[in-house]
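Reading through the structure tokens given below for one structure.
The values are calculated or read from the model by the stated rules, or taken from the named source; none is laboratory data. Note that the coordinates shown come from a computational prediction; the quantities given were computed from them, not determined experimentally. Ideal geometry is used to build each Cβ from the backbone, glycine not excepted, and the neighbour counts take in all protein chains shown. Protein only, heavy atoms only, side chains kept; ligands, DNA and RNA dropped before computing areas. Shrake-Rupley method; radii C 1.70, N 1.55, O 1.52, S 1.80 Å.
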Amino acid sequence: MSRPAQPPSGTNSARYRLAAGPSATANHLRVAQERERLLRTELTRVQQAAIAWRNGLGALLIALVGFGLVKGRSDISQLDPGWAPWVGVLLLVALLAGALGALLLIRAAHGRPKITDTRVVLPIRVSDHVEAIDSALALRRGITATLACAALLVAAVGTTWYGPERTKPSILVNTPSGPVCGAVVRLNHGILVLKTDAGEVAVDMSTATSVVAVDRCP
């Protein structure tokens with residue numbers, strides 16, 4: 001403990017005398033040992049956590065793709081033309097986010113490729129601590145990017161599943177009983193089946209007075 005000594009007369013400076021501090025207790029020793037242990041294993045623990053997160057998130061993405069979640073409709077051209085480009089945008093952004101997340105997780109798990117500058121060599125505990133901080137930051141960012149990738153994939157799938165369907169060309173058939181308009185389902189032995197708002201309707205083409213192709217049914 002330092003204690004101020006009386007300064008000589010006529011001077012403004014204070015002099016200090018060093019004295020022994022309180023004796024260390026067993027608790028102080030345990031705290032110091034625990035701090036040293038945490039610093040010694042800090043980098044290893046962060047890297048092991050990064051490997052576990054990398055494997056888990058990788059399995060999640062593989063499951064999304066492997067179980068056909070990204071398929072949605074069998075053909076994206078079935079979507080309305082105004083919605084189809086957004087599926088491509090979502091998939092592109094998901095790809096970029098997934099690539100960024102993978103790189104960050106690999107960096108957190110295995111470090112950054114670099115050459116040690118021999119002119120500036122830090123003590124091992126200091127260099128490990130700095131690397132642990134950088135790895136933990138990369139791990140958090142990698143987790144965020146990978147989860148964003150998964151969310152974007154789900155959004156793309158949801159768009160392909162629930163987005164409006166492309167309007168198919170329709171046929172307006174005028175018959176003695178009235179006009180029938182809808183998309184062609186099949187034609188068999190002179191019977192034309194149209195898909196209308198009321199369901200499938202069969203039309204005997206031998207009774208049709210006119211057939212007109214239309215973009216939309218009236």
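Of the heavy-atom accessible surface of the chain (probe 1.4 angstrom), what whole percent is carbon and sulfur? The nonpolar share, carbon plus sulfur, comes to 63 percent. Take the Cα coordinates of the chain, assign each an equal point scatterer, and use the Debye formula without solvent to give log10 I(q)/I(0) at q = 0.08, 0.17 Å⁻¹. Per q value, in the given order, log10 I(q)/I(0) is -0.62, -1.13.
Applied to region 204-215, the Karplus parametrisation 6.51 cos²θ - 1.76 cosθ + 1.60 on θ = phi - 60° returns per-residue 3J(HN,Hα) values of 7, 5, 5, 9, 6, 8, 7, 10, 10, 7, 10, 6 Hz, with x for Gly and Pro.
Here the convex hull built on the C-alpha positions of region 77-151 has a volume of 100 cubic angstrom per residue.
Taken per residue, the accessible surface of region 78-218 reaches 64 Å², heavy atoms only and a 1.4 Å probe.
Between Val211 and Ala155, the C-beta separation translates, for a Förster distance of 45 Å, into a calculated FRET efficiency of about 0.60.
Between Leu187 and Val201, residue separation times 0.36 nm minus the direct Cα-Cα distance comes to 3.9 nm. Considering only Ser177, Val201, Thr167, the residue lying farthest towards the positive end of the dipole of region 144-207 is Thr167, judged by Cα position with unit charges set on Cβ. Partnerless cysteines in the chain, where a partner means another cysteine C-beta under 4.7 angstrom, comprise Cys149. Its DSSP H runs of at least 4 residues, each contributing -39,500 (n - 2.57), put the calculated 222 nm mean residue ellipticity of the chain at -18000 deg cm²/dmol, to the nearest 500. Compared with the rule-of-thumb size 2.2 N^0.38 Å for a compact globular protein, region 101-190 has a Cα radius of gyration ratio of 2.50. Counting only alpha carbon atoms, the long axis of helix 84-110 and the longest principal axis of the chain meet at about 20°.
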